[in-house]
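Let me begin by presenting the structure, written as structure tokens, before commenting on it.
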Amino acid sequence: MRALLFVIAMLVPGIALAANNVTLSSAVFLEKTVADSSGRARIILEAPTVVTPGDRLVFILNYRNAGSAPASNFIVTNPLPAAVAYLGSGDSAQVSIDGGRSWGTLPTLKIRETDGRWRSARPEDVTHLRWALKQTIAAGAQGKLSFRGVVR
Amino acid sequence: MPSANSWSIKNVQLLHVIPLVIATATIGFSSSAHAAGTTAGTTISNTATATYTDTGGNPRSTNSNQVDIKVDELLDVTVAKADPGPVPVTPGSTNQVLSFTVTNTGNGSEAFNLTPTTAIGGDQFDPTTTSIVIDTNNNGVYDPGVDTVYTAGSNDLTLAPDQSKRVFVLSTIPGGGNDLDRGDLDLLAAARTGTGPAGTIFAGQGQGGGDAVVGTTGADGVDRGAYVVQSATMTFVKSATVLDPFGGSRSVPGSIVTYTLVATISGTGTLTNLAIGDTVPANTTYQPGTILFQGSAMSDAADADAAQFASNAVTVQLGTVAGGQTRTVTFKVRIN
């Protein structure tokens with residue numbers, strides 16, 4: 001029995017021993033347009049104390065390699081909450097309109113209407129977002145990803 | 001409303017927070033989305049996942065924290081009159097119906113207070129509202145005894161998001177009006193939670209435990225219906241021509257007098273149970289079988305036709321006559 005446990009410990013990447021430790025945090029802000037003192041429209045972000053349909057939300061993901069070893073093939077996936085329609089994101093984001101099974105950019109994705117015809121996907125069809133970073137995330141490195149949506 | 005999250009950033013300019021380029025995109029909703037939007041009280045939960053390969057070549061993943069945002073209630077309502085035009089009424093009539101459609105364009109179930117206003121400038125009379133009735137059976141028509149009377153607090157007009165309901169306002173029309181007099185009536189529907197300028201917040205009063213927020217309608221709506229009096233009046237002209245036994249027109253014994261009675265009905269309404277009668281003058285004798293009604297011969301007997309001669313008088317039942325029409329009766333007498 002003791003030997004068996006030892007084998008399992010060898011197979012499972014040990015958390016205590018790992019040098020990799022990537023953290024990911026999610027935050028959501030309400031996007032508002034307000035006029036500044038000179039009357040120009042400014043976009044501000046604030047904590048979403050009151051949120052109603054039609055409000056625009058900004059989703060921010062912060063990642064950080066808090067460990068001592070690099071992390072490669074770094075992919076961040078964010079399922080879109082059902083009550084949020086996608087508006088746009090940084091241009092490196094891939095989107096999915098089928099629950100994350102297939103990925104691409106909006107113009108390349110087609111969706112089938114109830115009448116059987118195919119049409120190009122629209123932002124509100126998006127179900128998932130994904131960022132696949134080409135570079136390895138060095139130890140101590142961090143970054144920020146963001147996208148915008150509107151409350152349906 | 002946020003969950004118990006520690007927000008550290010507030011009122012920060014966008015560019016300081018997001019160095020990434022934010023692509024613009026047109027806003028569009030899929031056809032399945034409700035016009036009123038996400039139901040109040042719905043929680044928007046967001047969690048992201050990172051996957052990567054560690055130095056040993058092993059796949060690893062980590063989840064972000066979960067951010068929960070509760071969708072608050074938007075208070076919005078519209079009122080639209082449902083009659084194609086002013087509703088025709090007669091002076092002094094009761095339970096005259098104006099129809100309106102009230103629609104909850106907010107995203108939560110909401111009760112609406114209904115208030116009629118009749119003191120409006122520019123019209124000729126003020127109807128007196130006697131009750132407001134909700135179209136309980138949704139057939140679009142006022143059904144006395146079937147549709148329920150609106151009573152604030154006990155029989156409210158409560159509408160789900162996107163739901164519409166027909167509402168009937170019943171009024172008494174003042175007597176003595178003139179033809180085509182108009183009486184306006186405004187029906188106001190106001191969210192029970194509260195009204196005010198768009199953006200007004202009623203903390204904690206939204207459906208599902210969030211706040212209630214006044215939307216672009218101000219959380220109230222109003223539209224104007226109107227009654228129009230349709231009445232009719234009758235003018236009555238009697239004339240006579242005389243034919244004497246010698247071919248002249250002198251009134252001498254033996255002369256035949258032809259009386260012509262013309263009833264002219266004017267106005268946009270109708271007159272019902274209209275009858276005209278004329279007693280044969282003294283010193284004359286009615287000439288049997290001489291009644292003409294609209295040019296057609298009538299019998300003297302009390303029978304199926306409209307005219308009769310009885311008790312030395314000619315009587316013609318005109319029945320229901322609409323404004324703009326005339327009725328002509330003639331009969332002859334002989335001077336004794």
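The values are calculated or read from the model by the stated rules, or taken from the named source; none is laboratory data. All values derive from a computational prediction rather than experimental measurement. Glycine gets a Cβ as well: all are built from the backbone with ideal geometry, and neighbour counts include every protein chain shown. Accessible surface areas use protein heavy atoms only, side chains included; no ligands, DNA or RNA. Shrake-Rupley method; radii C 1.70, N 1.55, O 1.52, S 1.80 Å.
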Could you list, in sequence order, the residues of the range B:103-147 that are outside any loop (DSSP other than H, G, I, E, B) and at pLDDT below 95? none
Can you confirm whether residue B:195 is open to solvent by 50 Å² or more (accessible area, probe 1.4 Å) and closer than 30 Å to residue B:117 by Cα? yes
Residues A:105, A:77: which one is modelled with pLDDT of 95 or more and polar (S, T, N, Q)? A:77
Search the range B:232-271 for residues being closer than 24 Å to residue B:309 by Cβ and open to solvent by 80 Å² or more (accessible area, probe 1.4 Å), and hand back the single one that is nearest to the chain's Cα centre (by Cα). B:236
Taking the range A:103-122 and keeping residues in a strand (DSSP E or B) and either among the aliphatic types (A, V, I, L, M) or open to solvent by less than 90 Å² (accessible area, probe 1.4 Å) (or both) leaves A:104, A:111, A:119, A:120
Test for residue B:100: is it outside any loop (DSSP other than H, G, I, E, B), out of contact with any helix residue (DSSP H, G or I) (no Cβ under 8 Å at 6 or more places or on another chain) and open to solvent by less than 30 Å² (accessible area, probe 1.4 Å): yes
Subset of the range B:35-84 [farther than 30 Å from residue B:196 by Cβ and crowded, with 22+ Cβ neighbours inside 10 Å]: B:46, B:48, B:50, B:52
Selected residue (criterion: farthest from the other protein chains (Cβ to nearest Cβ)) from residues of the range A:29-56 that are in a loop (DSSP other than H, G, I, E, B) and loosely packed, with under 14 Cβ neighbours inside 10 Å: A:39
Long-range neighbours under 6 Å by Cβ, at least six apart or interchain, first residue touching a residue at least 60 places away in the same chain (Cβ under 8 Å) within the range A:45-60, second part of a loop (DSSP other than H, G, I, E, B): A:51/B:71; A:51/B:72; A:52/B:72; A:53/B:37; A:53/B:38; A:53/B:107
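Residues are listed down the side, and each one gets a yes or a no for (1) within 14 Å of chain A (Cβ to nearest Cβ); (2) modelled with pLDDT of 95 or more; (3) surrounded by fewer than 20 Cβ atoms within 10 Å (Cβ to Cβ):
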residue	(1), (2), (3)
B:160	no, yes, yes
B:169	no, yes, no
B:176	no, no, yes
B:179	no, no, yes
B:188	no, yes, yes
B:218	no, yes, yes
B:221	no, yes, no
So which residues in the range B:100-134 are over 26 Å from residue B:214 (Cα atoms) and either out of contact with any Pro (no Cβ under 9 Å at 6 or more places or on another chain) or among the hydrophobic types (A, V, I, L, M, F, W, C) (or both), if there are any at all? B:119, B:120, B:121, B:122, B:123, B:124, B:125, B:130, B:131, B:133
